[in-house]
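Shown next, in structure tokens, is the structure this report addresses.
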Amino acid sequence: MGPIAEIVVGGLLGAIVGSFLNVVIHRLPRGESLSHPRSRCPGCEAPIASYDNVPILSWLLLRGRCRRCGERISPRYPAVELLTATSFAAVVAARGFDERLALELPFVAILIAIAGIDLEHRIVPNRIVVPAAVWALAAAAFVASDELPELALAGAAAFLLLLIAALAYPAGMGMGDVKLAGMMGLYLGVSVAPALLIAFAVGALVGVGIMIREGAAGRKMGVPFAPFLALGGLLGVLAGPELVDLYADRFLS
Ligand SMILES: [Zn+2]
């Protein structure tokens, strides 16, 4: 396969995975089964036919409505599919089509699911973070065994750093964010440093923006932090090693 074909394969895989992430984001926090029943229309409860469940395309063709009853289907569904497709394609383009995708693509999918769930429910589920951490170590043992010490150290360091931040500023983040940061270290290694820096910088900017717009009310809104960690994690996968090299060249040589 040429590089363009590999990127297209990554994008198509991402669209399909994104469709499953919609199910995870909707059902996992509600304690529902991920495998059955089939997806149903929230209005008429009719099962959605497979030809109406094609990622992104079906929503566009049906103009965001159920074929049977015309109930509006949230644009969140195609948005998650498009985001996952774009992210997977970008990971393949930036990092290449090799066995390390066994770490990179599941990591990106997990970040999108966690961001979606935290935005809606204000929780970072252990039921995702713990298996994700186990997968990081298991997959790394096969495809990146020489990196295992670095990954373990980065996981521990990120966990401790966020633990200190959460203890110092309990209103800003919870233990879910602390565990998420630790899990991110297990996937990113030293790239978790730029990832956390990006998360804090963008999170602080958005927090200040909300306070300026909403005044005192904004201060009490409590912005969920996991989506910022997820953004940092995604950029850490795409450009982490380059950002670390840039820093090392400038300041450590
Ligand atoms: Zn319907």
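Computed quantities for the displayed model
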{"read-out": "Qualifying trypsin sites (Lys or Arg not before Pro) for the range 2-89 [loop in DSSP, other Cβ within 10 Å: at most 13]", "value": "ARG38, ARG63"}
{"read-out": "Size of electric dipole in the chain: Cβ of Lys, Arg +1 and of Asp, Glu -1, about Cα centre, debye, nearest 20", "value": "1240"}
{"read-out": "Qualifying GluC sites (Glu not before Pro) for the range 81-125 [loop in DSSP, other Cβ within 10 Å: at most 15]", "value": "GLU99"}
{"read-out": "Cα-projected label distance for SER253 with VAL8, points at 7 Å along beta-carbon direction, nm", "value": "3.9"}
{"read-out": "Span-like helix ranges in the chain, DSSP H, alpha carbon extent 24 angstrom or more, Kyte mean at least 0.5", "value": "3-27, 76-95, 101-121, 126-143, 148-168, 192-214, 226-251"}
{"read-out": "Dipole of the range 163-253 [Lys/Arg +1, Asp/Glu -1 at C-beta], most positive-end residue of GLY176, LEU243, LEU186", "value": "GLY176"}
{"read-out": "Long-range amide H partners of SER39 with built H, under 5 Å", "value": "ILE48"}
{"read-out": "Furthest towards positive pole of dipole, PHE88, GLY209, ALA139, structure part the chain, Cβ charges", "value": "GLY209"}
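Read-outs: derived from the displayed coordinates by stated rules, not from any lab. As the structure is a computational prediction, the values presented were derived from the model and not from experiment. Every residue, glycine among them, receives a Cβ derived from its backbone with ideal geometry; neighbour counts consider all protein chains shown.
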